[in-house]
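The values are calculated or read from the model by the stated rules, or taken from the named source; none is laboratory data. Please read these numbers as outputs of a predicted model, since none were measured by experiment. Positions of Cβ are backbone-derived with ideal geometry, glycine not excepted, and every protein chain shown enters the neighbour counts. Accessible surface areas use protein heavy atoms only, side chains included; no ligands, DNA or RNA. Shrake-Rupley method; radii C 1.70, N 1.55, O 1.52, S 1.80 Å.
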Amino acid sequence: MTAPAPPPAFHMFWAGPALSLYEELCLTSFVARGQRVYLHSYHDLPRVPDGVIALDANEILPAETVHQFTFENGATTPTVHANLFRYEALRQLGGWYCDLDVVMLADSPPDTEIYFGREDDSHINCAVLRFPPNHPVMAAAAEAARGLMDSTQWGTSGPRLFTRLVSDFGLQDRALPWAAAYPVRTTEVALMFSPRHREMLEERAA
């Protein structure tokens, strides 16, 4: 009798030195539903939820290539590096990739080899992705993101780049509606703290 196949791996990346309670909640939501969760980081994180497998991010993308864009006021952001990491992780390993602000609400992930959803009518988001290893979209995304590392256009390495590549490879019809993965839009975060909007958000997330 053949043993059942293990659930597909979820890869996540954390650039900061410590997880907040929110990231811990997000990780735990996947583990609680029996998912394999790999957390890639360049740091020895002090608090990683039980069931989450911590991995050295250097295995995917060496630390010497870490790039943070610096704004005029001196603030920095690791966004461009996080985008490159997601593409490289999926190119090399395949499976799922989720940002660490994503909570898993379903009992199990969709049974599909490729997964991505729209964030609006114009853009396809890349916070929740699934691709098989060495998929040409991920290879092209990783190459393009590397070219943006030191560019003032670094901010285009996320949904804008991914949306263009999905179109270039003729996969735009595979994009799910925005409510599939992003029932609370970035412009609606404040609604999560408004009691009068609770029922509306719960209906969407259902």
Kindly indicate whether A190 is assigned to a helix (DSSP H, G or I) and either crowded, with 18+ Cβ neighbours inside 10 Å or in contact (Cβ under 8 Å) with a residue 40 or more places away in the chain (or both). no
Among the residues of segment 15-39, count how many are hydrophobic (A, V, I, L, M, F, W, C) and either without any contact (Cβ under 8 Å) to a residue 24 or more places away in the chain or open to solvent by 50 Å² or more (accessible area, probe 1.4 Å) (or both). 4
Can you tell me which of R185, R204, R198, R174 is open to solvent by 30 Å² or more (accessible area, probe 1.4 Å), out of contact with any Lys or Arg (no Cβ under 8 Å at 6 or more places or on another chain), modelled with pLDDT of 95 or more and not aromatic (F, W, Y)? R174
Identify the single condition in (1) free of Cβ contacts under 8 Å to residues at least 12 places away in the same chain; (2) assigned to a helix (DSSP H, G or I); (3) more than 18 Å from the chain's Cα centre (by Cα) that G170 does not satisfy, given that it satisfies every other one. (2)
So which residues in segment 143-159 are in contact with a Leu (Cβ under 7 Å, 6 or more places away or on another chain) and within 13 Å of Y87 (Cα to Cα)? A144, A145, R146, S157
The conditions are (1) assigned to a loop (DSSP other than H, G, I, E, B); (2) farther than 21 Å from R33 by Cβ; (3) not charged (D, E, K, R), and G155 fails exactly one of them. Which is it? (1)
Residue pairs qualifying under the 6 Å Cβ cut-off, at least six apart or on distinct chains, with the first in segment 133-157 being polar (S, T, N, Q) and open to solvent by less than 70 Å² (accessible area, probe 1.4 Å) and the second being assigned to a helix (DSSP H, G or I) and modelled with pLDDT of 75 or more, are S157/V80; S157/N83; S157/A145
For the subset of segment 87-99 comprising residues that are within 11 Å of A139 (Cα to Cα) and touching a strand residue (DSSP E or B) at 6+ places or on another chain (Cβ under 9 Å), which member is most open to solvent (accessible area, probe 1.4 Å)? R91
